[in-house]
Structures are given as structure tokens and as C-alpha cells.
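Below is one structure; the comments refer to it alone.
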Amino acid sequence: MNKLALTLVSLLILQACSDAKKASEVTAAYVPISAYSSMSCNNLRAEDLRLRRSVSEMSGTVDKEYKNDKAMEAVTWILFWPAAFAMDGNDAEAAQLSQAKGEAEAIRAAMIAKNCR
């Protein structure tokens, strides 16, 4: 029983140290709709398609970095635990994804405002 409790506590500590995020946990940054209000419906559709592809690729990168970070964190805790507190996570990738998600939302809002179909 004690070994099980110790294992569960250890796993919780391992999960709690890294600030890496999954792509699904990254929220969209605010991007004003005015940045896209001068674009035509065709241009908005093209930009929306480009951003959807980009968000999909970035999501894969963020999730890959998340998994790598968690794996490195586990190894770090086993081999040299003080270094686990200095791990960077995937902040840069998450910030790029957040910006792209925000741009996609602004484009969709501009499309709605212009009644694009």
C-alpha cells in the first residue's frame, strides 16, 4: 500500500513541474477584426484555409514538444532532479499557436461580419 501511495505522489509531482501545454490547452490570443476588415470574402477564405493548415501543423508541433518535455522531465527527475525545475516547456511553440488561433478567430469574425458564404 505504501509503495502505491509513493508511486502516485511521485507521478503527481512529475506532472506538476513542467509548464508545457498540450495544443488543446492553448487559448487563442486576441487579434482585432479590423486587421481583416478590408479584405474581400475570397481573400478571407484563402487566409482562413492557410491558417487552418498552419494551426494544424502548429498543434502537432506543440503536442510533440509537450510529449518530449514530459519524457525529459521524467528522465531528469530520475537522473538529476534539481534540473527538473529549470525546464523550459513549450512556451514559444504555444505562443505561436495562440497567435494563429487568434488570427483564425478574427478572420472568421470578419467573414461573418461581411456575410461571406
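The values are calculated or read from the model by the stated rules, or taken from the named source; none is laboratory data. Values in this document were obtained by computation on a predicted structure and should not be read as measured data. Don't worry about glycine lacking a Cβ; one is built from the backbone with ideal geometry, like all the others, and counts go over all protein chains shown. Each accessible area value is taken on the protein alone, full model and side chains, heavy atoms only, with ligands, DNA and RNA left out. Shrake-Rupley method; radii C 1.70, N 1.55, O 1.52, S 1.80 Å.
Within the stretch 27-60, can you find the residues that are of a type in the set (Ser, Thr, Tyr) and either assigned to a helix (DSSP H, G or I) or within 23 Å of the chain's Cα centre (by Cα) (or both)? Working first, answer last.
To start, the set of residues in the stretch 27-60 that are of a type in the set (Ser, Thr, Tyr) comprises 27, 30, 34, 36-38, 40, 54, 56, 59.
Scanning the stretch 27-60 gives Thr27, Tyr30, Ser34, Ser54, Ser56, Ser59.
Within the stretch 39-59, can you find the residues that are surrounded by 12 or more Cβ atoms within 10 Å (Cβ to Cβ), without any contact (Cβ under 8 Å) to a residue 60 or more places away in the chain and closer than 19 Å to Ile112 by Cβ? Once the filter is applied, which keeps residues that are surrounded by 12 or more Cβ atoms within 10 Å (Cβ to Cβ), without any contact (Cβ under 8 Å) to a residue 60 or more places away in the chain and closer than 19 Å to Ile112 by Cβ, the stretch 39-59 yields Asn43, Ala46, Arg50, Leu51, Arg52, Val55. If I filter the stretch 79-97 for residues that are open to solvent by less than 50 Å² (accessible area, probe 1.4 Å), at pLDDT below 90 and polar (S, T, N, Q), do I get at least one hit? Among the residues of the stretch 79-97, at least one is open to solvent by less than 50 Å² (accessible area, probe 1.4 Å), at pLDDT below 90 and polar (S, T, N, Q), which makes the answer yes.
Criterion first (under 30 Å from Asn115 (Cα atoms), among the aromatic types (Phe, Trp, Tyr), open to solvent by 90 Å² or more (accessible area, probe 1.4 Å) and modelled with pLDDT of 85 or more) does Tyr36 satisfy it? Full working, then the answer.
On the way: under 30 Å from Asn115 (Cα atoms): yes; among the aromatic types (Phe, Trp, Tyr): yes; open to solvent by 90 Å² or more (accessible area, probe 1.4 Å): no; modelled with pLDDT of 85 or more: yes.
So Tyr36 does not fit the description; no.
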